[in-house]
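S.K.: The structure's right below; bear with me while I get my questions together.
The values are calculated or read from the model by the stated rules, or taken from the named source; none is laboratory data. Please read these numbers as outputs of a predicted model, since none were measured by experiment. Side chains are part of the model used for accessible areas, which takes the heavy atoms of the whole protein and leaves out ligands, DNA and RNA. Shrake-Rupley method; radii C 1.70, N 1.55, O 1.52, S 1.80 Å.
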Amino acid sequence: MKVIKEKHSLAMRWTHWINFPILTIMIWSGMLIYWANDEYKITLFGHTYFMFFPQWFYDKLHIPHRLAEGMAFHFLFMWFFAINGFLYLLYTMISGEWRELVPQKKSFKEAWLVLLHDLHIRKMAPPQNKYNAAQRIAYTAIIVMGFGSLITGLAIYKPVQFYYLTWLCGGYHLARIFHFALTIGYVFFFVIHIVQVILAGWNNFRSVISGFEVVNEEPKTIIEPTTPNDEKTIR
């Protein structure tokens with residue numbers, strides 16, 4: 001029997017769908033800024049063996065000579081990113097949703113079993129509530145990463161005014177490295193997240209839009225009295 005079951009609240013869906021375009025704009029505008037000082041590469045004895053973004057990448061996206069545009073977008077949308085993240089955390093704390101998100105002691109062990117199940121190596125998936133163990137770890141990690149992006153971003157944005165944040169990050173250069181590494185982490189998370197959504201199917205994706213999912217449940221057995229002597233029959 002198919003039953004409609006509530007899965008995601010309006011607040012969770014709202015912050016989720018707002019965060020996606022905001023992060024996309026932040027990454028895009030960050031690339032415009034990064035081009036002005038593209039220094040992260042693997043160089044040995046004066047020869048560069050690996051660059052994160054080759055020249056054709058910049059040419060293809062028309063990134064060169066757009067530093068001012070990138071900074072304008074980045075410094076504007078960082079406030080939306082911060083506000084949306086704050087509202088998300090506030091809702092999870094007030095509603096108690098954080099209990100479904102924070103990893104448990106067994107989560108790291110079960111996350112490995114979830115991975116084996118997703119790779120079709122293990123038939124049975126470990127039991128889960130709203131989120132499985134791997135999702136708990138990933139969604140908590142993305143919150144920590146978001147906080148890290150704000151700290152390192154402010155340290156880069158105003159290294160004099162927020163000198164204590166710059167010091168906390170190990171200096172301007174190290175703060176920039178952390179900020180860049182977190183951005184790479186977001187990209188990996190997006191790719192894995194989208195693949196997982198596709199594998200989970202339409203029903204799971206629909207629940208993130210509507211807040212409900214359709215599940216199959218066994219019909220419940222109803223026991224009713226049939227005689228004055230309280231004899232019962234199963235229907």
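S.K.: How high is the relative contact order of the chain, in percent, counting Cα pairs under 8 Å that sit 6 or more residues apart?
M.R.: With pairs under 8 Å counted, the relative contact order is 25 percent.
S.K.: Carbon-plus-sulfur fraction of the accessible area of the chain, 1.4 Å probe, in percent?
M.R.: C and S atoms contribute 70 percent here.
S.K.: Cα extents of segment 110-168 along the three principal axes, largest first, in whole Å?
M.R.: Principal extents (Cα only, largest first): 55, 21, 14 Å.
S.K.: If you fit an axis through the alpha-carbon atoms of helix 67-95 and take the longest principal axis of the Cα set of the chain, what angle between them do you get, 0 to 90°, nearest 10?
M.R.: Compared with the principal axis, the helix lies near 30 degrees.
S.K.: I've got another one for you. Rg and Dmax of segment 28-159, using alpha carbons, in Å: what are they?
M.R.: Expressed in Å, the Cα Rg and Dmax of segment 28-159 come to 20.3, 56.
S.K.: Next question, about the same structure. Per DSSP helix of 4 or more residues, -39500 (n - 2.57); summed, then divided by the residues of the chain. What does that give at 222 nm, rounded to the nearest 500?
M.R.: The per-residue figure over the chain is -20500 deg cm²/dmol.
S.K.: Considering every pair of different Cα atoms, what Kirkwood radius, in Å, is found for segment 14-90?
M.R.: Taking every pair of different Cα atoms in segment 14-90, averaging 1/r and inverting gives 14.1 Å.
S.K.: Most mobile of I143, I192, I27 per a Gaussian network model of the chain (Cα springs, under 10 Å)?
M.R.: Evaluated over the chain, the most mobile residue of the options is I192.
S.K.: Any idea how many Lys pairs in the chain come in under 27 angstrom at the alpha carbon, given 8 or more places apart or on separate chains?
M.R.: Close lysine pairs found across the chain: 23.
S.K.: Report, in whole Å, the centroid distance computed from the Cα atoms of segment 136-154 and segment 84-127.
M.R.: Taking the Cα centre of segment 84-127 as reference, the centre of segment 136-154 is 16 Å away.
S.K.: Does anyone have the angle between helix 107-118 and the longest principal axis of the chain? Alpha-carbon axes, 0 to 90°, nearest 10?
M.R.: That helix lies at roughly 80 degrees to the long axis.
S.K.: In square nanometres, what is one fourth of the surface area of the convex hull spanned by the alpha carbons of segment 1-53?
M.R.: 7.2
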